[in-house]
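Below is one structure, written out as C-alpha cells, with a few remarks after it.
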Amino acid sequence: MLAERLLSPAVSIAQGRYFTDTPRAVASLPSPESGKNYLLYAHVPFCERLCPYCSFNRFPFDEDRARSYFKSLREQMRMVAALGYDFPALYIGGGTPTILVDELAATIDLARELFSIKEVSTETNPNHLVPEILEPLKDRVQRMSVGVQSFDDGLLKEMDRYEKYGSSAQIMERLQSVSGFFQSLNVDMIFNFPSQTEEILLADIEAVKASGCNQTTFYPLMASHSVTTSLKRTVGMVDYAREARYYKVLCDHILDQFELSTAWTFSRTGGGMIDEYIVDYEEYVGIGSGAFSYLRGDIYTTTFSLRDYGREIGAGRMPVAVGSRTNDRRARMRYRFLMELFGLRLDKRKFERDFGVSVERGLRVEMLFFRTFGGFAIDNAEELTLTPTGRYLTVVMQRSMFANLNNLRDAARNALSPDERELLFGEGSLYCTSCSSDQAHHKEA
C-alpha cells in the first residue's frame, strides 16, 4: 500500500527526532497539573521464561528478587502519591504481573488505599488462568487481558509459547472456563507474524469468537530495529506489504460479532473496558523498572536496572530520566492527532482550545496526507472520523510509534551492567542472543 510505504518512514523519522538515545536523569517526576486526569501504570518485569519477540523490560523470574521488587514498587507508589497525584484507574503490565499473586494483590490494595482507583486492569498468560491465581483477583481486578497471540500450534511453537503456555486446545479451554469471571476479558493477538498465512489468521479470528472473551486486541507485529534482523534469522522477515491486506481480512471477519473500540481493539456489543488506556488518558504516570510516563509533553523513563531501581527507591529517590529531546508543542499536537484518531474520533474544537490553533493549521502535512488518501469519513468543523483506510493509517502510525519506543527500550537494555545483561542473554536465561525485542503492548507505555 503506497500510503503505508510513505507513512511508516515519515512517522519513524518525526518521532525518532523526539526520542533521545541518552536520557537525562532528573530528581523526580513533575507534579500533577490541576484538573487533569491521569492513569497509573505499574510494571512487573518478571516472566517464567522470556518470549523471543518481546522488548518490554523483563527478567527471568526469581522469587526473592521479585518479592523485593514488589516492595520497591509499592514504595514508589507512595512517592507518587506524595507528589499529589490521584488516579481513577490502574493498569498493571509486564512481564507477567500475576507471577506472585499475593504481591500483586497487596499492590492493588495499596493503590486503592492511596488513590481513587475504580478500575484495575492487569495482564496475564494462559497458564495463569487457574483458580489459585484468579480467586484472589476476582474482587480486585475488573479487566483481565490474556496474552494468547495465536491459536495456531505451529505459530505458538515458533513464538516459544507452546511448551510454556499450552496448546491451542488448552488455551481455549482455560479461556472458556473464565468467561464472565471478570467484568472484561480481553484476548491479545498478533497479526502479520512472518509465517502466519491468511488461513491461520481466519482461524484465529474464529477461535477468538469461540473463546468467550468480550474484547480482543489484534496487534500488528511491531519490530524495533534490533529485532528485525533476529526475526529474519528465526521465523522470517516481517512483510509490511501484506499488513494492509491482513488488517482488511481482520476487520471483514470480526465485525460480525464485535465492534470497533479503537483501530485495533474490538469489543462485543456492550463489551468491556477499553484495552488502550492511552486513548482515555492523554497523560499517565509509570512506576516500576522499565516503565514510561508521559507528562507535560515529555517521556520519562524509569531505570531498566533492577539493582539500581531497588537501591534508588530504598534511598527515597526516583530513578527517572527524560527520554524526549524537548517539550515540543508540535510533537504534542501529533500525539493528540494520533491518539484521538486511533480512538476513532478527533474533536476539532477541543484540539483548537488546547493548542490555540486549528488542526488544519497546526498539522498541515498530516491533514493533507489523510485527505489525499481518503482517510476521513467525517471532516467538518467539529470532528474527524475515519474510513477503513484511515483506520489502517492510524494502525501504521501506532505501529511506528511503538517501534520507536522499543528502540528506546533497546538502548536502555544495552546500558545494563554485565551481570544484569547475563540474566537476559546468558545460557541460564532461556533467552537467546538472536531474540532481543518486540511486540509492544501496548499498551504499555
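Any read-out appearing in this document is the output of simple, stated calculations on the displayed coordinates, not a laboratory observation. Quick caveat, the model's predicted, so the values are computed rather than measured. Every residue, glycine among them, receives a Cβ derived from its backbone with ideal geometry; neighbour counts consider all protein chains shown.
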- Task: Among 121, 220, 171, pick out the residue whose Cα is farthest towards the positive end of the charge dipole of segment 109-225, where Lys and Arg carry +1 and Asp and Glu carry -1 on C-beta, about the Cα centre.
- Result: 121
- Item | Equivalent ellipsoid semi-axes, segment 290-359, via Cα gyration tensor eigenvalues times 5, rooted, Å | 33, 12, 9
- Going down the table (71/350; 209/348; 138/348; 164/209), which pairs top 32 Å between alpha carbons? 71/350; 209/348; 138/348
- Per the Debye formula with a single identical scatterer at each Cα and no solvent contribution, what log10 I(q)/I(0) holds for segment 132-195 at q = 0.16, 0.19, 0.24, 0.28 Å⁻¹? -0.58, -0.76, -1.04, -1.22
- Note on the structure: Surrounding charge for residue 88, neighbours by C-beta under 9 angstrom, Lys/Arg +1, Asp/Glu -1, total -1
- May I ask for the distance between the Cα centers of segment 182-209 and segment 103-169, given as a whole number of Å? 17 Å
- Note on the structure: Row for segment 281-329, column shape: gyration tensor on C-alpha, a ≥ b ≥ c, rounded if a/c < 1.5 i.e. under 1.5, prolate if a/b over b/c, else oblate; value prolate
